[in-house]
Amino acid sequence: MTHAALVSTLEEELEISDWKDRLVSGCFDGAAVNLGCKSGVVVRLEKDVPELIAIHCCSHRLELAVKAVVKEVPFYKTVNTFLVDLYKAYHDSALMWSGLRIEGDAFKITILKPQKAYGTRWLPHHERAITAVLRDYPALVQHLGEVAVNGSTQATKESAQKLTKALKNIRAELNPSQAIKPTGKLRGTQDQLRDRFSSFLVNKVLNAATVFEYRNWPENEDLETYGDSEVKEVYLHFKKRLDKDENMKETIMQWLEIKK
């Protein structure tokens, strides 16, 4: 969504005319249209709301970290390529899909159509694609084997032969826990997670805001001065806005009351 579309949605569809006074934070995926340093949505929003806290979506960061690790494991590249090719084979041909369902009836299997193994929510797509293959496995082997021999064109036969070979080769390891778990890459996973989430560690306001999480609070004897400096950090960041209603002293007094 562009900046203009976002503003239009806020002002016209949601009828929030004072959104500039109410907006304090926003969560965005990492696309350039959102986080681009020159004309991204965040840069343009910050012109209207200088104190805006922009957060790169945690789910998107996690997905990118897992993707980076998976790319380093040859087995997962093989599985992913197979899933993409299988999806295209049955998605692009009504005849192929009809033949697979017939084989499913013969095996008394309720066929799950091969799923798209890529998309905006990569991990769920990948898991659904694997689940479908495991569920359909006997019917897939039978149908692809028949197409490899009796396919209408040479290209169809060769594609079915390739898919059959790949399916049989990876079937033993093709299960949800294996296919989304980067075995032997724990250190790489930790490095990727640290790199992707490092901005949280350097953002003073986000770090300060953790004091509002009750589970972080210390025992009663250490609670008296706990979080005072962090609350001041948050206040100073939003000072221009908060000064309309209250001052620093009032803010600290409210914080002390909350801790009682």
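Of all residues in segment 49-107 being part of a helix (DSSP H, G or I), of a type in the set (Lys, Arg) and within 22 Å of residue 189 (Cβ to Cβ), which is farthest from the chain's Cα centre (by Cα)? Checking each candidate, the answer is 77.
Would you be able to say whether some residue in segment 219-229 is closer than 25 Å to residue 59 by Cβ and either in contact (Cβ under 8 Å) with a residue 60 or more places away in the chain or of a type outside the set (Gly, Ala, Ser) (or both)? Step through it out loud before you land on a result.
Filtering segment 219-229 for residues closer than 25 Å to residue 59 by Cβ gives none.
Checking segment 219-229: not a single residue is closer than 25 Å to residue 59 by Cβ and either in contact (Cβ under 8 Å) with a residue 60 or more places away in the chain or of a type outside the set (Gly, Ala, Ser) (or both).
Got a number for residues in segment 234-260 being assigned to a loop (DSSP other than H, G, I, E, B) and open to solvent by 60 Å² or more (accessible area, probe 1.4 Å)? Residues meeting the conditions: 5.
If the condition is being part of a helix (DSSP H, G or I) and in contact with a Leu (Cβ under 9 Å, 6 or more places away or on another chain), then segment 224-233 contributes only 228.
What's the number of the only condition in (1) touching a helix residue (DSSP H, G or I) at 6+ places or on another chain (Cβ under 9 Å); (2) over 26 Å from residue 58 (Cβ atoms); (3) outside any loop (DSSP other than H, G, I, E, B); (4) at pLDDT 85 or above that residue 110 fails to meet? In the conditions (1) touching a helix residue (DSSP H, G or I) at 6+ places or on another chain (Cβ under 9 Å); (2) over 26 Å from residue 58 (Cβ atoms); (3) outside any loop (DSSP other than H, G, I, E, B); (4) at pLDDT 85 or above, residue 110 misses (3) alone.
A Cβ distance below 6 Å, combined with a sequence gap of six or more or placement on separate chains, defines the contacts here; from segment 41-69, residues that are open to solvent by 20 Å² or more (accessible area, probe 1.4 Å) reach residues that are modelled with pLDDT under 90 and of a type in the set (S, T, N, Q) in the pairs 68/192.
Considering each of 178, 190, 154 in turn, give the residue that is over 27 Å from residue 26 (Cβ atoms), loosely packed, with under 15 Cβ neighbours inside 10 Å, polar (S, T, N, Q) and at pLDDT below 80. Write out each step before concluding.
On the way: 178 fails: loosely packed, with under 15 Cβ neighbours inside 10 Å; 154 fails: at pLDDT below 80.
The match here is 190.
Condition check ((1) open to solvent by 80 Å² or more (accessible area, probe 1.4 Å); (2) in contact (Cβ under 8 Å) with a residue 40 or more places away in the chain) across all residues:
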site	(1), (2)
3	no, yes
16	no, no
19	no, no
26	no, no
91	yes, no
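The values are calculated or read from the model by the stated rules, or taken from the named source; none is laboratory data. Here the structure is a predicted model, which means the values were calculated and not measured. In this analysis, Cβ positions are derived from the backbone assuming ideal geometry, glycine residues included, and neighbour counts consider all displayed protein chains. Ligands, DNA and RNA are excluded from the accessible area calculation, which covers all protein heavy atoms including side chains. Shrake-Rupley method; radii C 1.70, N 1.55, O 1.52, S 1.80 Å.
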